1. Could you tell me how many of the residues in the range 23-60 are under 16 Å from the mean Cα position of the chain (by Cα), under 17 Å from PHE248 (Cβ atoms) and of a type in the set (A, V, I, L, M, F, W, C)?
2. Do you know which of the residues in the range 81-97 that are of a type in the set (Val, Ile, Thr) and over 14 Å from LEU58 (Cα atoms) is surrounded by the fewest Cβ atoms within 10 Å (Cβ to Cβ)?
3. Taking the range 217-236, which residues are part of a loop (DSSP other than H, G, I, E, B) and either crowded, with 24+ Cβ neighbours inside 10 Å or touching a residue at least 60 places away in the same chain (Cβ under 8 Å) (or both)?
4. Any idea which of VAL66, VAL78 is surrounded by fewer than 21 Cβ atoms within 10 Å (Cβ to Cβ), in contact with a helix residue (DSSP H, G or I) (Cβ under 9 Å, 6 or more places away or on another chain), of a type in the set (A, V, I, L, M) and farther than 24 Å from SER255 by Cβ?
5. Just checking, how many residues over the range 98-130 are in contact (Cβ under 8 Å) with a residue 12 or more places away in the chain, loosely packed, with under 14 Cβ neighbours inside 10 Å and polar (S, T, N, Q)?
6. Given the residues LEU285, LEU271, which is the only one that is at pLDDT 85 or above and surrounded by 13 or more Cβ atoms within 10 Å (Cβ to Cβ)?
7. Can you pull out the residues in the range 142-177 that are under 30 Å from ARG216 (Cα atoms) and in contact with an Asp or Glu (Cβ under 9 Å, 6 or more places away or on another chain)?
Amino acid sequence: MTNQHSANVVIITALDKERDAVLRYLDAPEKVQTKNRIVYKSNLRHDNAESSYQVLLLCQGKMGNVAAGIATTQAIDVWNPTLIILVGIVGGVENGDERYLGDLIAAEQIVGYESGKLTDAGAERRYEVLRSTHALVEAARNFPDEKWVLAPTIPRPDGKDGRIIPKIHWGVVASGEKVIADTKTVPELQNHWTKLAGIEMESYGTALAAYTAESRPEFLMVKGICDWANPDKNDEWQTYAADVAAVFVVNLLRSKPFFSQSDKPQTNESLHYPGKIKIQFCRRLGKDWQDLANCLDIPAHRCHQFPQGRECHAIWEWLEERKQLHTLKEALGDLDRQDLVELLNTNNKVS
């Protein structure tokens, strides 16, 4: 039985058919009932390595950014993953002969487009923008085609298996609360977002939950094109599109695109400084605490919660809770605070 309260990766899906697609490719997924949800855990082995990721698959059971945000927040609170991946199906935006049904859309930018103002002249959209984690985007962008394009097991609805190879397209994904099947929404969004590649209903909620979490896991969205978000929309390509997205994501994870906690030196995780070092550090850091927080990627909303006058202590405790005190020296070096680096170097490490 695997540990029910740990995971390196949480994969989120909205629909059962998206969940079932991922299950086809995980290693021996184990069904677990927890937090009023049924989830699946898998010890996913890396290619050519004696290591693995603990992967948790969670299906939110309904479409929409609100449900996605709730599911993602629960996953982060319970399993504290390093990475959140949203997988499933997406309405594609046609682009000449470059995109086809069954291709993949991966989000570089996610645009929440539902917020706005209603006036007598019409609706004014107020776009809200989030990004996928840059390092993961680069890992996925450079993932070799031969590692995944021939792996799908679901046949293409058009019967052209083996003659059409799925491709992955990068760009902007619009995320709202409605199923789009008209001729107006996509062109309207394209007027503001020329690199619009897809439109769906979960990525903004998922990305926002990841971004605002204290632990701030990395985030990536990969979905298969199942229709063109127009009046011809139907369900014919959904199962195949979900399968292609699952194939890509699971095989990407097998390539070990990021380091898990088990990869980090244990001496760093157990690093400890005496109280007198902490006191001297906090007294001498002073107003540089804001720059240090930025170097350490501490979320802005978290910094706003620091007690006034004790921000330095709050940063130290934030790192201590996450076993990341070992990151202090590098960040201080970036700030040209060699005096504080030398202070930390005087410490006799206690493991």
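The values are calculated or read from the model by the stated rules, or taken from the named source; none is laboratory data. Note that the coordinates shown come from a computational prediction; the quantities given were computed from them, not determined experimentally. When we count neighbours, we look across all protein chains shown, and the Cβ atoms used for this are built from the backbone with ideal geometry, even at glycine.
1. Of all residues in the range 23-60, those under 16 Å from the mean Cα position of the chain (by Cα) come to 53-60.
Then drop every residue that is not under 17 Å from PHE248 (Cβ atoms), which leaves 53, 55, 57.
From what is left, the residues that are of a type in the set (A, V, I, L, M, F, W, C) are 55, 57.
Looking only at that region, the number is 2.
2. We begin by selecting, within the range 81-97, every residue of a type in the set (Val, Ile, Thr); these are 82, 84-85, 87, 89-90, 93.
Now drop any that are not over 14 Å from LEU58 (Cα atoms), which leaves 82, 89-90, 93.
Details: THR82: 16, ILE89: 29, VAL90: 32, VAL93: 26.
Looking at the filtered set, the residue picked out is THR82.
3. Step one: filter the range 217-236 for residues part of a loop (DSSP other than H, G, I, E, B), giving 217, 228-236.
Correct list: PRO217, TRP228, ALA229, LYS233, GLU236.
4. Values: VAL78 fails: in contact with a helix residue (DSSP H, G or I) (Cβ under 9 Å, 6 or more places away or on another chain).
Residue meeting the stated conditions: VAL66.
5. Narrowing the range 98-130 to residues in contact (Cβ under 8 Å) with a residue 12 or more places away in the chain: 98-115, 125, 127-130.
Narrowing the set further to residues that are loosely packed, with under 14 Cβ neighbours inside 10 Å leaves 98, 115, 129.
Applying the additional criterion that residues be polar (S, T, N, Q) yields 115.
Adding up the residues that qualify gives 1.
6. Details: LEU271 fails: at pLDDT 85 or above.
After ruling out the rest, the residue left standing is LEU285.
7. Pass one, the range 142-177, residues under 30 Å from ARG216 (Cα atoms): 142-145, 147-148, 167-177.
Those that are under 30 Å from ARG216 (Cα atoms) and in contact with an Asp or Glu (Cβ under 9 Å, 6 or more places away or on another chain): LYS147, LYS167, ILE168, HIS169, TRP170, GLY171, VAL172, VAL173, ALA174, SER175, GLY176, GLU177.
Rundown of residues vs (1) out of contact with any Lys or Arg (no Cβ under 8 Å at 6 or more places or on another chain); (2) under 18 Å from ASN234 (Cβ atoms), yes/no style:
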site	(1), (2)
LEU150	yes, no
ARG163	yes, no
ALA181	no, yes
HIS192	no, no
